[in-house]
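Enquirer: Quick one: the structure is below, questions incoming.
What follows is calculated from the coordinates using simple rules that are stated; it is not laboratory data. Note that this is a predicted model, so its numbers are computed, not measured. Note that each Cβ is placed from the backbone with ideal geometry, even for glycine, and that neighbours are counted across all protein chains shown.
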Amino acid sequence: MQNIISVSGLSKTYASGFQALKSVHLDIRRGEIFALLGPNGAGKTTLISIICGIVNASEGEVLVDGHDIVRDYRAARSKIGLVPQELTTDAFESVWATVSFSRGLFGRRADPAYLEKVLRDLSLWDKKDSRILTLSGGMKRRLLIAKALSHEPQILFLDEPTAGVDVNLRRDMWQLVRSLQAAGVTIILTTHYIDEAEEMADRIGVISRGEIVLVEEKSELMRKLGKKQMTLQLQSPLERIPPGLDAYRLDLSSDGSELTYTYDKQAERTGIIALLRDLNDAEIAFKDLHTTQSSLEDIFVTLLKDAK
Amino acid sequence: MNLFAIRAIYRFEMARTRRTLLQSIVSPVISTSLYFVVFGAAIGSRIAEVDGVSYGAFIVPGLIMLSLLTQSVANASFGIYFPKFTGTIYELLSAPVSYLEIAASYVGAAATKSILLGLIILATAGLFVPIRVAHPFWMILFLVLTAVTFSLFGFIIGIWADNFEKLQLVPLLIITPLTFLGGSFYSISMLPPVWRTITLFNPVVYLVSGFRWSFYDLADVHVGVSLGMTVLFLALFLMIVAWIFRTGYRLKT
Ligand SMILES: Nc1ncnc2c1ncn2[C@@H]1O[C@H](COP(=O)(O)OP(=O)(O)O)[C@@H](O)[C@H]1O
Ligand SMILES: [Mg+2]
């Protein structure tokens, strides 16, 4: 079985009457890093909470490694580790006590050597006897990860793991996620930082207002939706774009020294060669040229605009 | 059955007890001793005996019951309310544990604590008055059954409560008055007939009566009735807990 999680027809209407998920279908592949990308309030946490058993679904079905999350909740849940969005911890417990608790709660026999490894990997070992309330925010975040990993899950959910986290810690987090993937763990992370999805994910799902708008390989997504821009630095400034070049819809910078051409890189013909030839004919010389590719952020904005 | 989980939760709760030892054990002992001084010594000196038992000794089972009820409810309700309040309940809900296992661990821990407390109070009381236990087996049985039953009740309250006021409300407005009016400090035969009848609607009467019978062979109602009522409450609370978990009431959205 290739899909480790399979969500079908999942809907959620909260008691308030608000529909947070609208018939969501989603498959997560074994061993991948999947980024669920969407603005605040899109339904990311709701989706994760249902899969993990914290929120009841209104409709639909979820299978975790073939186990139904309701009928066969023990088998399903014991495979999952969850790092929640909020930093919720027992302030008065020690680090060691709380990770031991988590392991037991998930039905695993005590294994101090394993827990030591987890804490060391997360640079928490020297804090093992500290009370949680004495930890910094970053340490608490790592502690929540340690708790989630304490029972050796095959699937790890990270709900906005780097929200409000400084740059260094973010890099550490990404590294950790990669090493977990290397160890065979499937990772689903939610984020509203596009660069994070771009940096980390194998596949990206975009969620907006309770609907999965799109699921795509990251590279495919970039290829399909990515626009490229070519900027030419001109030898001498132009006053205006010659009428003969109208068809290219060029942008001229305000000082007249740069021309920018935007093209679709998925198109059969990008038009670059023709443009360069026409520029040559119009006797516009350039001294340099560079291309840029649109980021996921631009793609995201485009997508959401289309979805409206 | 996820025995590791039950053990983890139970230990977690007992660790909380150890951390708050002063609050959990010492303060009930002090307040019971105060009751003892006031009711036993000050008032008791004017009431010679109740059915052949010195008043000081007579109130011991009632005092233990009072602590047992209030502490069982307080411990169990706080134990489950707190994770809801802080948000750490997410872990419990996402764990491969059945609701029965969750309830068993919280109720087990809360009951353990209040049983220990009851025994400590008994020992404390033994310093003030001579105590005899006519039916030790029954005494322990009532102690355990009552602790479990009211820990279950506390567990229900802890799930129901969505703020700290509600958490305090039930013990304050229901448990304490019912215990005081339930013959903890007097025999209901001392009451006028009308009040005696009304009092019989108070469930605590049956608990105190059975418990006192196990000490002094003195009972307001037959011990079998006491036992029956205790088991009835136990069954009632179990049913409510089962319903809560089936519906996810106040736990899951
Ligand atoms: N318990 C709840 N009751 C009612 N509405 C809720 C509840 N939880 C979340 N919502 C609403 O559901 C929507 C999705 O929330 P959430 O899943 O937390 O989004 P995200 O994690 O993508 O920011 C939001 O509009 C939020 O206000
Ligand atoms: Mg969220």
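Enquirer: Take the alpha carbon atoms of chain A, find their radius of gyration, then divide it by 2.2 N^0.38 Å using N residues; give the quotient.
Expert: Numbers: Rg = 24.5 Å, N = 308, 2.2 N^0.38 = 19.4 Å.
Compared with the compact-globule rule of thumb, chain A sits at 1.26.
Enquirer: Ok, one more. Out of B:Val231, A:Leu63, A:Ser219, whose Cα points farthest toward the positive end of the dipole of the protein assembly as shown (charges: +1 Lys, Arg; -1 Asp, Glu; placed on Cβ)?
Expert: In the protein assembly as shown, that residue is B:Val231.
Enquirer: Which one, A:Ser130, A:Pro84, A:Leu180, is farthest towards the positive end of the dipole of chain A when Lys and Arg carry +1 and Asp and Glu -1 on their Cβ?
Expert: In chain A, that residue is A:Ser130.
Enquirer: Which value does Rg/Rh take for segment B:3-247 over its C-alpha atoms, Rh per Kirkwood?
Expert: That ratio equals 0.99.
Enquirer: Please work out whether segment B:94-189 counts as rounded, prolate or oblate from its C-alpha gyration tensor, where a ≥ b ≥ c are the square roots of the eigenvalues and a/c under 1.5 means rounded, while otherwise a/b larger than b/c means prolate and anything else oblate? Before the final figure, lay out each step's value.
Expert: Working: a/c = 2.51, a/b = 1.50, b/c = 1.68.
Note, shape of segment B:94-189 comes out oblate.
Enquirer: For the protein assembly as shown, what proportion of DSSP beta bridges, expressed in % and rounded to the nearest 5, is antiparallel?
Expert: 70 percent
Enquirer: Relative contact order for chain A: what is it in percent, counting Cα pairs under 8 Å that are at least 6 residues apart?
Expert: Values: 541 pairs, mean separation 59.7, N = 308.
Here the relative contact order equals 19 percent.
Enquirer: What shape does segment B:174-246 have by the C-alpha gyration tensor, where a ≥ b ≥ c are the square roots of the eigenvalues, rounded means a/c under 1.5, and otherwise prolate means a/b greater than b/c and oblate the rest?
Expert: prolate
Enquirer: What is the dipole size for chain A, taken about its Cα centre, with +1 at each Lys and Arg Cβ and -1 at each Asp and Glu Cβ, in debye to the nearest 20?
Expert: The dipole magnitude comes to about 1140 debye.
Enquirer: State the dimensionless ratio Rg/Rh of the protein assembly as shown (Rg: radius of gyration of Cα atoms; Rh: Kirkwood radius).
Expert: 1.19
Enquirer: Another question about this same structure. Projecting each Cα onto the charge dipole of the protein assembly as shown (Lys/Arg +1, Asp/Glu -1 at the beta carbon, about the Cα centre), which of B:Tyr186, A:Pro153, A:Ala15 comes out farthest on the positive side?
Expert: Highest projection toward the positive end goes to B:Tyr186.
Enquirer: If you don't mind, there's one more thing I want to ask. With charges only on Cβ, +1 for K and R and -1 for D and E, what is the dipole size of the protein assembly as shown about its Cα centre, in debye, rounded to 20?
Expert: The calculation lands at about 1860 debye.
Enquirer: If the convex hull of the alpha-carbon atoms of segment A:202-267 is projected onto planes in all directions, what is the mean projected area in square nanometres?
Expert: 6.9 nm²
Enquirer: How big is the gap, in Å, between the Cα center of segment B:123-145 and the Cα center of segment A:56-86?
Expert: For segment B:123-145 versus segment A:56-86, the Cα centre distance is 48 Å.
Enquirer: Another question, if that's okay. Give, as a single signed number, the net charge of other residues whose beta carbon lies under 14 Å from the beta carbon of A:Glu116, with Lys and Arg counted +1 and Asp and Glu -1.
Expert: 0
Enquirer: Restricting to bridges with both residues inside chain A, how much of the DSSP beta-bridge set is antiparallel, in percent to the nearest 5?
Expert: Working: 37 of 55 bridges.
If we restrict to bridges inside chain A, about 65 percent are antiparallel.
Enquirer: Same structure, new question: How many nm separate the modelled label positions at A:Glu216 and B:Val38, each set 7 Å beyond the Cα in the direction of the Cβ?
Expert: According to this spin-label approximation, the distance is 7.4 nm.
Enquirer: With an 8 Å cut-off on Cα pairs and a minimum separation of 6 or more residues, tell me the relative contact order of segment A:156-272 in percent.
Expert: 18 percent
Enquirer: Mind sorting B:Val26, A:Val55 by how few other Cβ atoms lie within 10 Å of their own Cβ, fewest first? Working shown, then result.
Expert: Details: B:Val26 12, A:Val55 21.
Final ranking by Cβ density, sparse to dense: B:Val26, A:Val55.
Enquirer: Could you order peptides B:11-24, A:143-156 by the average number of other Cβ atoms within 10 Å of their residues, highest first? The partial results should precede the final answer.
Expert: On the way: B:11-24: 15.3, A:143-156: 22.4.
Packing order, densest peptide first, comes out as A:143-156, B:11-24.
Enquirer: Let me ask something else. With a point put 7 Å past each Cα toward its Cβ, work out how far A:Gln175 is from A:Ala110 in nm, to one decimal.
Expert: Here the answer is 3.3 nm between the modelled labels.
Enquirer: Here's something else I'd like to know. Within 10 Å of each Cβ of A:129-136, how many other protein chain Cβ atoms are there on average?
Expert: What the average comes to for A:129-136 is 0.
Enquirer: Continuing with this model, one more query. Please list B:148-157, A:169-178, A:182-191 highest first by mean number of surrounding beta-carbon atoms within 10 Å per residue. Numbers along the way, then the final one.
Expert: On the way: B:148-157: 27.2, A:169-178: 16.9, A:182-191: 19.4.
The peptides rank, most packed first, as B:148-157, A:182-191, A:169-178.
Enquirer: Further question: Let me know the charge dipole size of chain B about its Cα centre in debye, to the nearest 20, where only the beta-carbon of Lys, Arg (+1) and Asp, Glu (-1) is charged.
Expert: Computed charge dipole of chain B: roughly 500 debye.
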